[in-house]
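This is the structure, below, for whatever I ask next.
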Amino acid sequence: MCGIVGYTGSLAAAPFLIEGLRKLEYRGYDSAGVAINGEGGLQVVRRKGKVAALAQSVKSMDLNGTCGIGHTRWATHGKPSEVNAHPHTSCDGKIAVVHNGIIENFAELREKLEDAGHTFASATDTEVIAHLVEEAYMGDLLSAVRTATERIHGAYGLAVTCENEPGVIIVTRKDSPIVVGQGETGAYVASDMIAVLEYTRDIVVMADGQFAKLTPAGVEFFDMYGKPVQPEITHIDWDVDTAEKGGYPDFMLKEIHEQPRVIRDTLAGRMVGGHLSIDELDMTTEELNLIERVTIIACGTSYHAGLVAQKLIEHWARIPTTVSVASEFRYDDPIITPTTLVVAVSQSGETADTLAAIRDARVKGAKVFGITNVIGSPVARESDGVIYTKANKEIAVASTKSFLGQVVSLTLLAMLLAQAKGRMRSNEIRALFRQLAETAQQVEEILSDTTAIDEAAVACKDAASALFIGRGMGAATSYEGALKLKEISYLHAEAYAAGEMKHGPIALISDGFPVIAIATKGPVYDKVVSNLQEARARGAKIVVVATEGDEDIKAHADHVIYIPKVNDYFIPITASVPLQLFARAIALLRGCDVDQPRNLAKSVTVE
Ligand code: AGP
C-alpha cells in the first residue's frame, strides 16, 4: 500500500529516489520521505503530502550521498503527518527503515522495546523494525535485519540502511512486493519495477523470505538462513513511457485510450489453427473437461470483471459459476472441491484479501488460476496457472484498461471452457473470436468523439447522487460505471439490475435525479426501456448508452451516448468505455484529482 525505493552506486541518490517515488505515488500519497546514507552520516527528510512537497524541500538541501532509501505512504497506523512519514530511524539515528505492509504484532514488540529503553517517535507499526534492527546490530546489517524479521509477524517489503555501513542497503520481503535490479551505475530496489526500468530491464522479483544486499559493486541474494542464492532474472521489455503521461493531461485518460491496444495484445496468438489456446494455464482439454464448478474471487473493479465472466461461463460452457468478493470468501464457508476451478482476478496481484482467498482455496484442494497484470506478483506466484492481462502498468488509481484486459481474458477463458466441454463448435468459437477482436476498433470509434459524453457530464455534475441501471450484461457493466463515478468524483452512485428499481431504489428518484442506463439493442432492450419510462415518469434525468442507429431511444432519454453495435456478450467491453469517460469528465468538472482520488491507493495490501 506504500511505495519504497532505494539506490546505491556512483551517482547522487536523491534524484533517483524522488523520481522513483513520483512513479510509485499511485501506491500512496499522504506523506513521503528519503534517507541519504552519505559522508556526513544519515540525513532524513520527510514531508506530509505528496512527493512534490518532498521534492521541493530536497531541492533546497545539500543531499549529495550516493546511497539512499525513500518511501511514499498510504497511512495505516498513525495519521498522515511528518512524524509518521517514513523513513523511521533507530534511537541513535544511525539506522533508517522504509516499509510497505503491516506489522501485526507491533504493539507487543513496541512494549517490549520500550521496556528495554527504546524511545519511539511515531505512532506507526514500522518504527518497531528500526529499533529491532538496532537491538540486533553487531556490525553486520544483513544479519541484524534477518534477526529482526524473525520477530515480526505480518506483511513487509523492507529496505534498511545504516550509517556504519555506507553504501549498503538490505532488502527483504514477505507478502509485499520488492524488485531489485543492477544497472550500469548502481543497484536499485523498488516496490514496483516501473521505478527502475529506466536503469535496467533485468529485474529480480524477490521471493518471500529472500534477502538482498545492495552495494555499489552489485547485489547479492540470500535465503532466510543467510545462505547465498542465485535469483531468477526476468527481462522486461515494456515501454518505459508507461510511467509518463505521453501528452495526455492525466494517466486516467491515457490509460482509457490504450484500451484498443490492450484488447489486441490480449487476443494476440490465442487462435491457433482454428483452435483457441491459453497455454499458460497448463491444463489439458481432458482436465478442463473435469471442471464441475467455477468460483471467481476478486475485489472492486476486478470483482465486476468476475460478474461479467460468470454470465459468459454459465451461458457458453454451462458450468455453475459463483463470484465472491475476496474479503467475504475468506470468512465464508464456500463449497470448494477438487473439481472446482478457482479464478482469482487482481490487477495488482497483491490485494491482501484475494491472496488470502487463494490460499484458502488451495488448502481446500482447488486448482487456482490467476488473472493479473503484474509479472511475478504474489497472485501469479501462488496460482497454479496465470493469464497476464496485457494492460501494462496502470498508474491511475481508478482501473480502466486493466478492467478491459480482465474482461477480455475472462472471455477467452469462458470460450476455452466451452470448447473443452464440447459446448461450442469450432466455427462458433472462431466467429465469436472475430467479433471479440472487432471490439478494439469499436472502442477506437467511441474514443474518437466524446461530445455526447461531455454534455451528459455537464448535465449531471451537480447531482448529489446517481443511479446506474442495466440488465443482463448491462447490469454487470453498470456496477463498474457506478464505482468509477464515486471513486473519482465523490458523487454518490449506486448500480442496480434495472428490474430491481421497483423494489426500492425508485423511491430515490425525484426531479432531475440522474439515472444512467445501459440500453443497447439486445435481448433485454425492451425491458430496460420500460424501466427508463418508469424512472422518467418520476422526473429522472436519463442518460443512456445506446446502440448506434437507435433513434427510438431518444424519446426516453435526455442524453444519448451511442456506441457501435456489438454482440450482446461484449457489451461490458464497449459500454464501459463511455462510462469511464463520463466519470472522468464529471470528476474534472468537480475539481477532483482523477489520478489520485482521496483516501485510496492503487493496491490494497492490507486486510
Ligand atoms: C477500481 O478502480 C479500484 N482501483 C479498486 O476497486 C480495485 O479494482 C480493487 O482494489 C482490486 O484491486 P486488484 O485488481 O489490484 O486486486
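The values are calculated or read from the model by the stated rules, or taken from the named source; none is laboratory data. Only a predicted model underlies this, so the values are computations on that prediction, with no experimental measurement involved. Quick reminder, even Gly has a Cβ in these numbers, built from the backbone with ideal geometry, and neighbours come from all protein chains shown. Heads up: the accessible areas ignore ligands, DNA and RNA and are worked out on the full protein's heavy atoms, side chains in. Shrake-Rupley method; radii C 1.70, N 1.55, O 1.52, S 1.80 Å.
Considering segment 62-96 alone, what residues qualify as being outside any loop (DSSP other than H, G, I, E, B), touching a residue at least 60 places away in the same chain (Cβ under 8 Å) and not β-branched (Val, Ile, Thr)? Quick ask: steps written out before the conclusion?
Step one: filter segment 62-96 for residues outside any loop (DSSP other than H, G, I, E, B), giving 67-73, 88-89, 95-96.
If we keep only those that are touching a residue at least 60 places away in the same chain (Cβ under 8 Å) too, we end up with 67-73, 95-96.
Of everything in segment 62-96, those that are outside any loop (DSSP other than H, G, I, E, B), touching a residue at least 60 places away in the same chain (Cβ under 8 Å) and not β-branched (Val, Ile, Thr) turn out to be Cys67, Gly68, Gly70, His71, Arg73, Ala96.
For segment 345-352, check the following and say yes or no: at least one residue is surrounded by 24 or more Cβ atoms within 10 Å (Cβ to Cβ) and assigned to a strand (DSSP E or B).
yes
Tell me, which strands (runs of 3 or more DSSP E) wholly within segment 493-607 include 3 or more residues that are farther than 30 Å from Asp192 by Cα and either open to solvent by 20 Å² or more (accessible area, probe 1.4 Å) or not hydrophobic (A, V, I, L, M, F, W, C) (or both)? Outline the logic, then answer.
Details: elements: 514-519, 541-547, 559-563.
By residue number, 559-563.
On to the next question. Looking at Val386, Val374, which one is within 11 Å of the ligand (Cβ to nearest atom), closer than 23 Å to Leu416 by Cα and either at pLDDT below 95 or under 14 Å from the mean Cα position of the chain (by Cα) (or both)? Quick ask: steps written out before the conclusion?
Numbers: Val386 fails: within 11 Å of the ligand (Cβ to nearest atom).
One residue alone meets the criteria, Val374.
Could you please find all residues in segment 208-227 being of a type outside the set (Asp, Glu) and farther than 26 Å from Ala13 by Cβ? Give the derivation first.
We begin by selecting, within segment 208-227, every residue of a type outside the set (Asp, Glu); these are 209-219, 221-222, 224-227.
Once the filter is applied, which keeps residues that are of a type outside the set (Asp, Glu) and farther than 26 Å from Ala13 by Cβ, segment 208-227 yields Gly209, Met224, Tyr225, Gly226, Lys227.
Now for a different question. Among what's in segment 291-305 and is closer than 18 Å to Ala366 by Cα and surrounded by 14 or more Cβ atoms within 10 Å (Cβ to Cβ), pick the residue that is nearest to the ligand (Cβ to nearest atom). Lay out the reasoning, then the answer.
Initially, segment 291-305 is screened for residues closer than 18 Å to Ala366 by Cα, giving 291-298.
Still in the running and surrounded by 14 or more Cβ atoms within 10 Å (Cβ to Cβ): 291, 293-298.
On the way: Ile291: 23, Arg293: 22, Val294: 18, Thr295: 16, Ile296: 12, Ile297: 10, Ala298: 6 Å.
Applying the filter and picking the extreme gives Ala298.
Let me ask something additional. Looking at this structure, is Asp360 assigned to a helix (DSSP H, G or I), within 12 Å of the ligand (Cβ to nearest atom), under 18 Å from Thr322 (Cβ atoms) and open to solvent by 10 Å² or more (accessible area, probe 1.4 Å)?
Numbers: assigned to a helix (DSSP H, G or I): yes; within 12 Å of the ligand (Cβ to nearest atom): no; under 18 Å from Thr322 (Cβ atoms): yes; open to solvent by 10 Å² or more (accessible area, probe 1.4 Å): yes.
Answer is no for this residue.
Still on this model: For segment 306-336, name all the residues that are open to solvent by less than 60 Å² (accessible area, probe 1.4 Å) and within 16 Å of the ligand (Cβ to nearest atom).
Gly306, Leu307, Val308, Ala309, Val323, Ser324, Val325, Ala326, Ser327, Phe329, Arg330
Next question. Look through Leu17, Leu54, Leu42, Leu21 and report the one residue that is touching a Lys or Arg at 6+ places or on another chain (Cβ under 9 Å) and part of a helix (DSSP H, G or I). Reasoning before the result, please.
Numbers: Leu17 fails: touching a Lys or Arg at 6+ places or on another chain (Cβ under 9 Å); Leu42 fails: part of a helix (DSSP H, G or I); Leu21 fails: touching a Lys or Arg at 6+ places or on another chain (Cβ under 9 Å).
Within the list Leu17, Leu54, Leu42, Leu21, the selection yields Leu54.
Give just the number: which of (1) within 33 Å of the chain's Cα centre (by Cα); (2) farther than 24 Å from Val325 by Cα does Ser530 not satisfy?
Condition not satisfied by Ser530: (1).
Please work out which one of (1) without any contact (Cβ under 8 Å) to a residue 24 or more places away in the chain; (2) touching a Gly at 6+ places or on another chain (Cβ under 6 Å) is the condition Gly246 fails and give its number.
Among (1) without any contact (Cβ under 8 Å) to a residue 24 or more places away in the chain; (2) touching a Gly at 6+ places or on another chain (Cβ under 6 Å), Gly246 violates only (2).
With the checklist (1) farther than 24 Å from Thr301 by Cβ; (2) touching a Cys at 6+ places or on another chain (Cβ under 9 Å) in hand, flag the one item Ala466 doesn't pass.
Failing condition for Ala466: (1).
Now, a different point. Picking from Thr172, Thr161, which residue would you name as being over 18 Å from Gln230 (Cβ atoms) and outside any loop (DSSP other than H, G, I, E, B)?
Values: Thr172 fails: over 18 Å from Gln230 (Cβ atoms).
The match here is Thr161.
Tell me, which strands (runs of 3 or more DSSP E) lie completely within segment 198-276 with 1 or more residues that are touching a Pro at 6+ places or on another chain (Cβ under 9 Å) and under 28 Å from Ile387 (Cβ atoms)? Write out each step before concluding.
Details: elements: 202-205, 211-215, 218-222.
Those strands (runs of 3 or more DSSP E) span 202-205.
If I filter segment 346-356 for residues that are more than 10 Å from the ligand (Cβ to nearest atom), modelled with pLDDT of 95 or more and closer than 23 Å to Ala391 by Cα, do I get at least one hit?
Among the residues of segment 346-356, not one is more than 10 Å from the ligand (Cβ to nearest atom), modelled with pLDDT of 95 or more and closer than 23 Å to Ala391 by Cα, which makes the answer no.
Now for a different question. Is it the case that segment 216-224 has a residue that's open to solvent by 10 Å² or more (accessible area, probe 1.4 Å), touching a residue at least 60 places away in the same chain (Cβ under 8 Å) and touching a Phe, Trp or Tyr at 6+ places or on another chain (Cβ under 6 Å)?
yes
Residue-by-condition table, conditions (1) open to solvent by 20 Å² or more (accessible area, probe 1.4 Å); (2) modelled with pLDDT under 95:
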position: Glu163; (1), (2): yes, no
position: Lys174; (1), (2): yes, yes
position: Asp192; (1), (2): no, yes
position: Thr200; (1), (2): no, yes
position: Ile203; (1), (2): no, yes
position: Phe211; (1), (2): no, no
position: Leu214; (1), (2): no, no
position: Pro228; (1), (2): yes, no
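If I filter segment 116-143 down to residues being without any contact (Cβ under 8 Å) to a residue 24 or more places away in the chain and in a helix (DSSP H, G or I), which single residue comes out as farthest from Val171 (Cα to Cα)?
Only one residue fits best here, namely Glu135.
Return a yes/no flag: does segment 397-408 have any residue that is of a type in the set (A, V, I, L, M, F, W, C), open to solvent by less than 10 Å² (accessible area, probe 1.4 Å), away from the ligand (no atom under 13 Å from the Cβ) and at pLDDT 95 or above.
Checked segment 397-408: at least one residue is of a type in the set (A, V, I, L, M, F, W, C), open to solvent by less than 10 Å² (accessible area, probe 1.4 Å), away from the ligand (no atom under 13 Å from the Cβ) and at pLDDT 95 or above.
Would you mind telling me which numbered condition in (1) open to solvent by less than 20 Å² (accessible area, probe 1.4 Å); (2) farther than 25 Å from Leu581 by Cα Arg381 fails?
Going through the list (1) open to solvent by less than 20 Å² (accessible area, probe 1.4 Å); (2) farther than 25 Å from Leu581 by Cα, Arg381 breaks only (1).
Can you name the condition, by its number, that Glu438 falls short on among (1) under 16 Å from Ala309 (Cβ atoms); (2) at pLDDT 95 or above?
That leaves (1) as the condition not met.
Quickly run through segment 414-449 and pick out the residues that are over 22 Å from Met283 (Cα atoms) and either of a type in the set (A, V, I, L, M) or surrounded by 18 or more Cβ atoms within 10 Å (Cβ to Cβ) (or both).
Of everything in segment 414-449, those that are over 22 Å from Met283 (Cα atoms) and either of a type in the set (A, V, I, L, M) or surrounded by 18 or more Cβ atoms within 10 Å (Cβ to Cβ) (or both) turn out to be Ala431, Leu432, Leu436, Ala437, Thr439, Ala440, Gln442, Val443, Ile446, Leu447.
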